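A.B. asks: There's a structure below that I have some questions on.
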Amino acid sequence: MDIALVTGASSGIGLCVVEKLIGMNYKVYGFARDFAKTAFTHVKFFPMVCDVTDTNMLVNQTQALLKETGRLDVLVNNAGVGFFGPHETIHPEKIEHMVNTNLLAPMVLIQVTLRHLKKSEGFIINMASTAALEPGRFGGAYGATKAGLHQFGQSLFAEVRKSGVRVVTLYPDMTMTPFYDETDFAPHNDHPCHITPECVADAVAQAINQREGTVITQIVLKPQRIGVERKRN
Ligand code: NAP
């Protein structure tokens, strides 16, 4: 059976991707710090507690998984955090936390899994953001981590395409998930003003289902209309 690993598998987009991949008959391993927040269980879902910012834990958990499965077909680098506001108000620890979660962890995880992904001619799917492509007032540091992931994905595909590895970067705009639980803004509830995590999971499936020989390297998802809700404190 084909094996997938999804980071940030306890919530939002990652959890929808897990469900989608299970529906496509993958055995799915998920990394996150806290699976207590989801009631989702399935015989083909294997949650593993892993803080991706702890590089030793990330490497050890991944090696344990590869030892158990002996293969990896799909890696989804989805775990991510965002802190927003005027740049001088974002604590250096939060900046470091974003860089480590959104950029360092995917690069490390890809390094650890690449031999297996070359063997399976598998997929690397990186969850960037439209913030990687457009200037975002009050989100410069977050956007920079996603722009780094975008750039890394482009270079990586140039490096590994001859090995048969497919590298896909997704750029979702505002998606209705718990990502906005701690922010002072959120996507507008009107359905044309946000995209859904299910739509992002569908895009992942579309990239995986593409005919062999054609690679969908980038997918941008935007809501039909622009609408942001400011939360009152
Ligand atoms: P979410 O519901 O908050 O999910 C984030 C996931 O990342 C959770 O499963 C969380 O699990 C995991 N995570 C965070 N830090 C982690 C760590 N140190 N180690 C392991 N797992 C960690 O948000 P989401 O919207 O689904 O976000 C998923 C990805 O999409 C992120 O990369 C985000 O930047 C990107 N994205 C989101 C939007 C949006 O509008 N929502 C738009 C564009 C891109 P634990 O807390 O249990 O560890």
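The values are calculated or read from the model by the stated rules, or taken from the named source; none is laboratory data. Note that the structure is predicted; figures quoted are calculated from it, not measured. Backbone-built Cβ (ideal geometry, glycine too); neighbour counts: all protein chains shown.
A.B. asks: When you check THR41 against the structure, is it over 18 Å from ASP202 (Cβ atoms), of a type in the set (Ser, Thr, Tyr) and free of Cβ contacts under 8 Å to residues at least 12 places away in the same chain, yes or no?
C.D. replies: So THR41 fits the description; yes.
A.B. asks: Continuing with this model, one more query. Of the conditions (1) among the polar types (S, T, N, Q); (2) part of a helix (DSSP H, G or I); (3) surrounded by 20 or more Cβ atoms within 10 Å (Cβ to Cβ), GLN206 fails just one. Which one is it?
C.D. replies: Among (1) among the polar types (S, T, N, Q); (2) part of a helix (DSSP H, G or I); (3) surrounded by 20 or more Cβ atoms within 10 Å (Cβ to Cβ), the lone unmet condition for GLN206 is (3).
A.B. asks: With GLU212, GLU198 as the choices, which residue is within 15 Å of the ligand (Cβ to nearest atom) and either in contact with a helix residue (DSSP H, G or I) (Cβ under 7 Å, 6 or more places away or on another chain) or assigned to a loop (DSSP other than H, G, I, E, B) (or both)?
C.D. replies: Unique residue meeting the criteria: GLU198.
A.B. asks: Of the conditions (1) modelled with pLDDT of 95 or more; (2) out of contact with any helix residue (DSSP H, G or I) (no Cβ under 8 Å at 6 or more places or on another chain), MET1 clears all except one; give me its number.
C.D. replies: MET1 satisfies all of (1) modelled with pLDDT of 95 or more; (2) out of contact with any helix residue (DSSP H, G or I) (no Cβ under 8 Å at 6 or more places or on another chain) except (1).
A.B. asks: OK, next. If we keep just the residues of region 58-98 that are in contact with a strand residue (DSSP E or B) (Cβ under 6 Å, 6 or more places away or on another chain) and β-branched (Val, Ile, Thr), which is nearest to ALA141 (Cα to Cα)?
C.D. replies: Residue satisfying both the conditions and the ranking: VAL76.
A.B. asks: If you don't mind, there's one more thing I want to ask. May I ask you to verify whether ALA64 is touching a Gly at 6+ places or on another chain (Cβ under 9 Å) and among the small types (Gly, Ala, Ser)?
C.D. replies: When the stated conditions are applied, ALA64 does not pass them.
A.B. asks: Residues in region 139-159 that are more than 23 Å from GLU96 (Cα to Cα) and buried (at least 18 other Cβ atoms within 10 Å of the Cβ): how many?
C.D. replies: Keep residues of region 139-159 that are more than 23 Å from GLU96 (Cα to Cα), which gives 154-159.
Add one more test, that the residue is buried (at least 18 other Cβ atoms within 10 Å of the Cβ), and what stays is 156-157.
Number of matching residues: 2.
A.B. asks: Which one of these is under 17 Å from PHE179 (Cβ atoms) and either in contact (Cβ under 8 Å) with a residue 60 or more places away in the chain or more than 9 Å from the ligand (Cβ to nearest atom) (or both): LEU15, LEU21? Full working, then the answer.
C.D. replies: Numbers: LEU21 fails: under 17 Å from PHE179 (Cβ atoms).
Step by step, each of LEU15, LEU21 is checked, and only LEU15 is under 17 Å from PHE179 (Cβ atoms) and either in contact (Cβ under 8 Å) with a residue 60 or more places away in the chain or more than 9 Å from the ligand (Cβ to nearest atom) (or both).
A.B. asks: Quick one: count up the residues across region 151-186 that are of a type in the set (Val, Ile, Thr), outside any strand (DSSP E or B) and away from the ligand (no atom under 16 Å from the Cβ).
C.D. replies: Taking region 151-186 as the starting set, the residues that turn out to be of a type in the set (Val, Ile, Thr) are 160, 165, 167-169, 175, 177, 183.
Still in the running and outside any strand (DSSP E or B): 160, 165, 177, 183.
When the remaining residues are screened for being away from the ligand (no atom under 16 Å from the Cβ), the result is 160, 165.
Adding up the residues that qualify gives 2.
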